[in-house]
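Everything below concerns the one structure shown next.
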Amino acid sequence: MITSIGNPRKITKAVIPAAGKGTRLLPLTKAVPKELIPLGRRPVLEYIVDEAIESGITEILFVISEEKTAIRSHFGGSLDCVRFNYVFQTEQKGLADAVYCARDWVGDDPFAVVLGDSIISTDQSVLPFKRVLDAYETTQASGVILVQKTPRDEVSRFGIVKPKNAIAPVFEIDALVEKPMPADAPSEYAIAGRYAFSPKIFEHINRTPIGANGEYQITDSIGCMLADGAQVWCVALGENEVRRDIGTFESYFEAFRLMMNQ
């Protein structure tokens with residue numbers, strides 16, 4: 001087991017993509033960025049920042065658009081033990097493109113990606129995101145992905161992973177597919193919005209063609225990584241752990257109800 005002291009694989013940087021237009025939540029997102037709408041009594045991003053801090057992150061880069069400077073106004077330059085940085089994504093061309101905007105800030109360090117529009121509830125003492133960072137630190141993986149078991153009739157909404165061997169709390173994959181039809185899905189495990197990467201991911205993003213929805217998909221970039229022989233591992237959410245996003249009014253209302261009850 002690799003120790004964290006002086007470990008070059010220890011991740012302390014996280015990128016939070018938050019430049020999307022939030023069109024499915026219009027007209028609400030005309031006035032407020034999707035990531036700042038309230039869940040219970042606090043904005044979505046405050047929960048995500050707290051999750052990052054609790055998992056050991058000390059530097060966060062928000063990828064925002066010129067229309068979302070409210071995020072920078074809200075968080076400023078630092079909070080407790082975390083420093084905030086900002087970069088503009090001038091055109092929204094997919095998650096891989098948003099991650100690529102962080103390349104100069106990341107430099108040669110490993111880093112995490114945390115989607116800015118989803119929260120994860122857990123009954124475990126160690127957060128799922130922290131387990132992702134731990135898996136990266138203690139393996140030779142070039143990427144680690146959080147995944148959630150999903151009903152097969154819903155897999156066409158997500159990126160789905162193909163396990164290399166048996167499925168376990170932490171398992172290796174050898175392929176993934178963006179939004180497959182249920183009959184073609186290689187498993188029922190969907191990507192759940194938390195990633196850890198080697199900085200080599202930027203080389204793979206550079207080679208990523210336009211994919212689903214006419215955008216540059218991070219699943220395709222991870223596929224390039226796998227094709228080059230790199231290891232990619234997954235951390236599976238447990239039975240009582242659930243990712244909830246705020247991409248639609250229905251999912252937003254569900255997440256709001258959850259946070260009000262906590």
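Each reported figure results from applying straightforward, stated rules to the coordinates on display, with no laboratory input. Predicted, not measured: the structure shown is a model, and the values here were computed from it. Neighbour counts are summed over all protein chains in view; Cβ atoms, including those assigned to glycine, are modelled from backbone coordinates with ideal geometry.
Among the aspartates and glutamates, which fall within straight-line cross-link reach of LYS164, defined as a Cα-Cα distance under 12 Å, with same-chain neighbours fewer than 8 residues apart omitted?
Within the straight-line limit of under 12 Å, LYS164 reaches these aspartates and glutamates: GLU172, ASP174.
I need to check one value: relative contact order of the chain, counting alpha carbon pairs closer than 8 Å and at least 6 residues apart, in percent.
That works out to 24 percent.
Do the alpha carbons of any pairs in LYS68/LYS93; LYS10/LYS34; LYS13/LYS200 sit beyond 26 Å of each other, and which pairs?
Violating the 26 Å Cα-Cα cut-off are LYS10/LYS34.
How would you rank 63-69, 147-153, highest first, on the average number of other Cβ atoms within 10 Å across their residues?
63-69, 147-153
Using a simple spin-label model with points 7 Å from Cα along the Cα→Cβ vector, what separation in nm is obtained for ASP123 and LYS149?
With each label point 7 Å from Cα toward Cβ, the separation is 1.4 nm.
Between the alpha-carbon centers of segment 49-108 and segment 182-235, tell me the distance in whole angstrom.
A separation of 21 Å, based on Cα centres.
Can you pull the one-decimal nm distance between simple spin-label points at HIS74 and ASN213, each 7 Å off the Cα toward Cβ?
Output for this residue pair reads 2.0 nm.
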